[in-house]
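Novice: Below you'll find the structure I mean.
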Amino acid sequence: MQDIVIIGAGGFGREVKTIIDAVNKVKKIYNFIGYYDDGVEKGTIINNFPVLGKLQDLNATDKEISVLLGIGDPTTKGKIINLLSNEKINFPTLIHPSVQISNDDVSISNGCIICGGTIITCNIKIGSFVTLNLMCTVGHDTIIDDFSSFMPSVNISGEVHIQEKVYVGTGAKIINQLTIGKSTIVGAGAVVSKSLPDYCTAVGIPAKPIKFHNND
């Protein structure tokens with residue numbers, strides 16, 4: 001069994017632990033040993049498992065270890081990966097057993113977390129460290145770039161390009177043949193019917209940019 005830890009001991013980090021448990025019920029793959037979190041005191045017990053330290057402690061480990069990012073914010077995910085330099089660390093992709101994934105030309109890179117009930121159809125490319133939360137759908141010929149995060153029940157239609165570090169809120173819908181620009185935030189419940197530029201926050205039905213930012 002692979003020793004595995006989660007970076008982030010908050011709500012989503014704890015949910016990621018439940019995916020590990022679900023995977024192990026089907027086939028015992030992972031030995032979960034605890035969390036790393038710069039904002040929680042080392043030794044704190046969370047659902048019977050310890051916080052093992054901060055990122056600097058993870059960088060100092062001398063054992064082979066698998067690491068998952070229990071973090072929802074795309075920008076934070078990117079910063080954490082840039083801070084991790086330990087060659088002993090690897091980043092598996094974690095997929096809940098209930099996820100439906102087509103055999104027809106679907107590629108999913110390292111470090112992704114795909115939660116229960118998600119459906120991924122055909123001819124889809126998903127980059128590294130992407131999070132698809134509960135009950136998301138990803139339609140045909142879609143490309144999702146690195147570090148993007150999708151909250152529960154997001155629907156992505158076909159032929160959509162989601163650029164890197166995009167955050168899409170709960171229940172949002174993205175119509176087919178659109179591009180969502182780099183580091184853009186789509187608000188919960190929004191319906192995206194036109195392509196969105198980089199670095200904007202878009203809300204509403206239809207979704208429209210309400211402000212611009214630079215979070216990189």
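The values are calculated or read from the model by the stated rules, or taken from the named source; none is laboratory data. These figures come from a predicted structure and were not determined experimentally. Virtual Cβ from ideal backbone geometry, glycine too; neighbours counted across all protein chains shown. Quick note on the areas: whole protein, heavy atoms, side chains included, nothing else; ligands and nucleic acids left out. Shrake-Rupley method; radii C 1.70, N 1.55, O 1.52, S 1.80 Å.
Novice: Quick check on my filter: what residues within the range 105-126 are farther than 17 Å from VAL160 by Cα and either open to solvent by 60 Å² or more (accessible area, probe 1.4 Å) or in a strand (DSSP E or B) (or both)?
Specialist: Within the range 105-126, ASN110, ILE113, ILE114 meet the criteria.
Novice: Further question: Considering the range 172-187 alone, what residues qualify as being free of Cβ contacts under 8 Å to residues at least 24 places away in the same chain and open to solvent by 70 Å² or more (accessible area, probe 1.4 Å)?
Specialist: LYS173, GLN177
Novice: Now for a different question. Which of the residues belonging to the range 188-212 are under 21 Å from the mean Cα position of the chain (by Cα), within 15 Å of PHE150 (Cβ to Cβ) and buried (at least 18 other Cβ atoms within 10 Å of the Cβ)?
Specialist: Across the range 188-212, the qualifying residues are ALA190, VAL192, LEU196, ALA202.
Novice: Would you call PHE129 in contact with a Gly (Cβ under 9 Å, 6 or more places away or on another chain), open to solvent by less than 50 Å² (accessible area, probe 1.4 Å) and touching a residue at least 40 places away in the same chain (Cβ under 8 Å)? Don't jump to the end; show me each part of the working.
Specialist: Values: in contact with a Gly (Cβ under 9 Å, 6 or more places away or on another chain): yes; open to solvent by less than 50 Å² (accessible area, probe 1.4 Å): yes; touching a residue at least 40 places away in the same chain (Cβ under 8 Å): yes.
Answer is yes for this residue.
Novice: Return the residues of the range 130-143 that are within 17 Å of THR170 (Cα to Cα) and part of a strand (DSSP E or B); say none if nothing qualifies.
Specialist: Of everything in the range 130-143, those that are within 17 Å of THR170 (Cα to Cα) and part of a strand (DSSP E or B) turn out to be THR131, LEU132, THR137, VAL138.
Novice: Of (1) farther than 27 Å from ILE144 by Cα; (2) in contact (Cβ under 8 Å) with a residue 40 or more places away in the chain; (3) not acidic (Asp, Glu), GLY70 satisfies all except one. Which?
Specialist: (1)
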